[in-house]
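Everything on this sheet refers to the single structure shown next.
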Amino acid sequence: MVKLNRDKIRNKKILDVHNLVTRFHTFDGVVNALSGVTFHLNHGETLGVVGESGSGKSVTMMSLLHLLPAPPAKIEGGQAFYYGDEAPVDLLTLNKSGISRIRGDHIGFIFQDALSALNPVMTVGRQIGETLVEHLGMSPSAAMKRSVELLAYVGIPEPKKRAAAYPHQFSGGMRQRAMIALSIACEPNIIIADEPTTALDVTVQAQIIELVQRLKKEMDMSVIWITHDLGVVAGMADRVMVMYAGHVVETAPVDDIFYRPSHPYTIKLLGALPKMGETVHHRLESIDGVPPDLLEKPVHCQYAWRCHMARERCWEDIPKSRQMGDRHRAACFLDVAKEEA
Amino acid sequence: MQRYILSRLIQSVFILFGVLFIVFFMLQMTGDPVSLLISRHSSPEEVEAMREELGFNRPVPAQFASFIGNALTGDFGKSLRHKQPAMDLILDRLPATVELATTALLISLILGIPLGLISGSNPGSFWDVLSRGTGLLGQTIPNFWLALILILVFSVHLGWFPTFGRSTWTFLGMTLPTRSVILPAFSLALFTMGQLVRFTRSAVMEIRSEDFVRTAYSKGIADRKVYFRHILRNAAIPLISIVGVQFGYLLSGSIYIETIFSWPGLGNLLAESIGNRDFALVQAIAFFSSFVVVTLNLLTDIAYAVADPRIRY
Ligand SMILES: Nc1ncnc2c1ncn2[C@@H]1O[C@H](COP(=O)(O)OP(=O)(O)OP(=O)(O)O)[C@@H](O)[C@H]1O
Ligand SMILES: [Mg+2]
């Protein structure tokens, strides 16, 4: 890729998504997976994305890169401007070769379970090399050499030997490191990590988080980190976006999310967090009630069913996202902070 | 890898011993084999003499031991009908069956795999429906019926192919097939083709939705490369075993097809030997077919291990 002058866009938007609508047309009906998702990512920042299972975190990110199986998936609306290329582009309007140019080279993806996310019958070195051959035009042997360097760079011992090994010969943590090496091979502007540590045990988790933070700094990238774990978000994110049933319900700098949450759902999520000194690892699922059925088109606040503050209004209309403070937006009719006081 | 092959090799030897055991007792179970072998008008002395000659008067374990001993050297006794060693007869007929089986396998691969790929890559499309329909027909049409229709249309009416028999031509000392193999091979290939369509389709569909395929797309490599390097390469692994099994089935010779086309192969020989109650020959063919199947399974497993590193290590 034409390396962008990253200083020029520092603290500016590198990705700006408006009203993204993605639906799945299945035999059971239309699944309204995303009903107008709006968010942005600044260059150099880490955006944490949280929300219960099924809230649309993965679908949002995969929609951007056209990675969803179509059919059943269909992106039915919205724009996703990417400013890291020579000229701003709307990712959603790109054709096959256009999006292929972005994938891997401009935006790297780290998937959750590296064992299933890597090809079982291709050596890890070749899988990393494929990207280099494609985007940087390297020869296969040069790509292999670079793969070895990348494996060393992400902290894999004996990288030369490991490059010739298959994914099943790696330990879980090492495999996720290899997956990370693959995603950063072309030094992309953005890395999207979709729950990259969920399958790993706690100490390995911490190492992987540390690794990504180091890489982000050294390679001057922006990171979108999807997770269930608010604890992880608190430790590494600059800003947080909370998703619920295909909507972004709140976005704010990380401190605001924890100290001045403005959406009842965020408050509940925080309530489900372990208190200071508690060692139990709570998951977000521990909130009462179930998310709404996405087969029904939303006509009112999707959280109203479970909301401990719901009013009549909440059943009449879908709340628009409102400014709640500096860089702080939430999609709620109420002034939650005042009501809670 | 070597350990894996060795253990599979040992397994195969055990299986073959089991087969020999069954083949031997198959004959014992029929009661007194000698009574099956001679005419109803023989005198008791003649019967006794025959028993003596064939060794049936000895205790069963001793008979079994010498049966195994001979079998290991490829000696299954003489065909009563042809007055020739059974194994020689088999080896005589083998080229015809190998020719037929190989041609049938090639036909089924050439038709079945592309159809399966098209249909697995575009599920629900017109081509998918067409391919699946063809595959289903292949598996359900009885091949002897198809053989008769083919003869009627292409041999009798159009005269493109001979109606029966095998002819060969020699080139540089090699015996090569002629078009006489086409109709029998096609009839025989149909079922295997149907299986290949089905298996290829489901293998491709399964692999297509694997996470690593999504990863491959996320790297930005061209669709064509994702298809060949990631999808096909993985879908080929389960196909290895189905091709191996099907080739074993084809190589055992088809009684129906070889009989209909008077194809001078193993299937024909087997049908004839059963009709003649030629026990030595039936035993030899039964063992030989098992041997072919076991050997092919072994080769299949080795190919599998070569193709899939998860087995290799
Ligand atoms: N292939 C598909 N067909 C139909 N519906 C789908 C498909 N993929 C996702 N969905 C639906 O889209 C919604 C959002 O799913 P998504 O995977 O984005 O959730 P998520 O927030 O990433 O959850 P998790 O934390 O479990 O990964 C879910 O309700 C899911 O049922
Ligand atoms: Mg997800």
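The values are calculated or read from the model by the stated rules, or taken from the named source; none is laboratory data. As the structure is a prediction and not an experimental result, all values here were calculated from the model. Using ideal geometry, Cβ is built from the backbone for each residue, glycine included, and neighbour counts are taken over all protein chains shown. Surface areas here come from the heavy atoms of the whole protein model, side chains and all, with no ligands, DNA or RNA. Shrake-Rupley method; radii C 1.70, N 1.55, O 1.52, S 1.80 Å.
With all pairs of different C-alpha atoms in the average, the Kirkwood value for the hydrodynamic radius of chain A is 20.9 Å. Seen through its C-alpha gyration tensor, with square-root eigenvalues sorted a ≥ b ≥ c, the range B:1-153 comes out prolate because a/c lies at 1.5 or above while a/b is bigger than b/c.
Across peptide A:119-125, the average count of Cβ atoms from other chains found within 10 Å of a residue's Cβ is 6. Available extension along the chain between B:Asp223 and B:Arg310 is 28.8 nm, counting 0.36 nm per residue and deducting the alpha carbon span. Counting each DSSP H run of 4 or more residues in chain B as -39500 (n - 2.57), what helix-only mean residue ellipticity at 222 nm follows after dividing by all residues, to the nearest 500 deg cm²/dmol? That comes out to -23000 deg cm²/dmol. For peptide B:207-214, the mean count of partner chain Cβ atoms within 10 Å of a residue's Cβ comes to 5. In the range A:63-99, what residues drop by 20 Å² or more of accessible area when the other protein chains are put back, versus the chain on its own? Use 1.4 Å, and skip ligands and nucleic acids. Output list: A:Leu67, A:Lys96. Between the residues A:Ile99, A:Phe109, B:Val306, the greatest Cα displacement towards the positive end of the dipole of the protein assembly as shown, with unit charges on the Cβ of Lys, Arg, Asp and Glu, is found for A:Ile99.
Remark: the range A:6-237 carries a charge dipole of roughly 500 debye about the Cα centre, counting +1 on each Lys and Arg Cβ and -1 on each Asp and Glu Cβ. The modelled label-to-label distance for the pair A:His308/B:Leu152, using points 7 Å beyond Cα in the direction of Cβ, is 8.1 nm.
Computed from backbone phi with θ = phi - 60° and the Karplus coefficients 6.51, -1.76 and 1.60, the 3J(HN,Hα) list for the range A:298-311 is x, 10, 9, 4, 5, 8, 3, 3, 10, 6, 7, 10, 4, 10 Hz; x is used for glycine and proline. Sorting B:176-188, A:322-334 by their mean Cβ neighbour count within 10 Å, with the most densely packed peptide first, gives B:176-188, A:322-334. Per residue, the range A:6-237 exposes 37 Å² of accessible surface when a 1.4 Å probe is rolled over the protein heavy atoms with every protein chain present.
Residue-normalised convex hull volume from the C-alpha trace of the range B:115-208: 123 Å³ per residue. A simple spin-label model places the labels of B:Gln28 and A:Asp201 5.7 nm from each other, with each point 7 Å out along Cα-to-Cβ.
Heavy-atom accessible area buried between chains B and A is around 2200 Å² (1.4 Å probe, both sides summed).
From the residues B:Gly116, B:Tyr217, B:Ile231, which one has its Cα farthest along the dipole of the range B:86-312 in the positive direction, the dipole being from +1 and -1 charges on Cβ of Lys/Arg and Asp/Glu about the Cα centre? In the range B:86-312, that residue is B:Tyr217. Take the Cβ atoms of A:Val299 and A:Asp255, set R0 to 51 Å, and the FRET efficiency comes out at 0.90. For A:Gly78, the amide hydrogen comes within under 5 Å of the amide hydrogens of A:Val21, counting only partners 5 or more places away or on other chains and with H modelled in the peptide plane. Along the axis of the charge dipole computed for the protein assembly as shown (Cβ charges of +1 for Lys and Arg, -1 for Asp and Glu, origin at the Cα centre), the listed residues A:Met138, B:Met26, A:Asn119 are led at the positive end by A:Met138.
The range B:249-313 and the range B:101-159 have Cα centres lying 23 Å from one another.
Once you have a ≥ b ≥ c as the square roots of the Cα gyration tensor eigenvalues for the protein assembly as shown, tell me rounded if a/c is under 1.5, and otherwise prolate or oblate according to whether a/b is larger than b/c. In terms of gyration-tensor shape, prolate. Highest mean packing first, where packing is the average number of other Cβ atoms within 10 Å per residue, the peptides A:34-46, A:103-115, B:76-88 line up as A:103-115, A:34-46, B:76-88. The chymotrypsin sites (Phe, Trp or Tyr not before Pro) found in the range B:145-184 that occupy coil by DSSP, while having at most 15 further C-beta atoms within 10 Å, are B:Trp160, B:Phe164.
Solvent-accessible surface of the range B:86-312, taken per residue with a 1.4 Å probe and all protein chains present: 45 Å². When +1 charges are put on Lys and Arg Cβ atoms and -1 charges on Asp and Glu Cβ atoms, the dipole computed for the protein assembly as shown relative to its Cα centre reaches about 1240 debye. Would you give the gap between the C-alpha center of the range B:45-83 and the C-alpha center of the range A:35-66, rounded to a whole Å? So the two Cα centres are separated by 80 Å. For the pair the range A:286-317 / the range A:107-151, the C-alpha centres are spaced 44 Å from each other.
Computed from label points 7 Å out along Cα-Cβ, the spacing between A:Glu86 and A:His168 is 4.5 nm. When you count the other C-beta atoms within 10 angstrom of each residue and take the mean per peptide, A:74-87, B:6-19 line up highest first as A:74-87, B:6-19.
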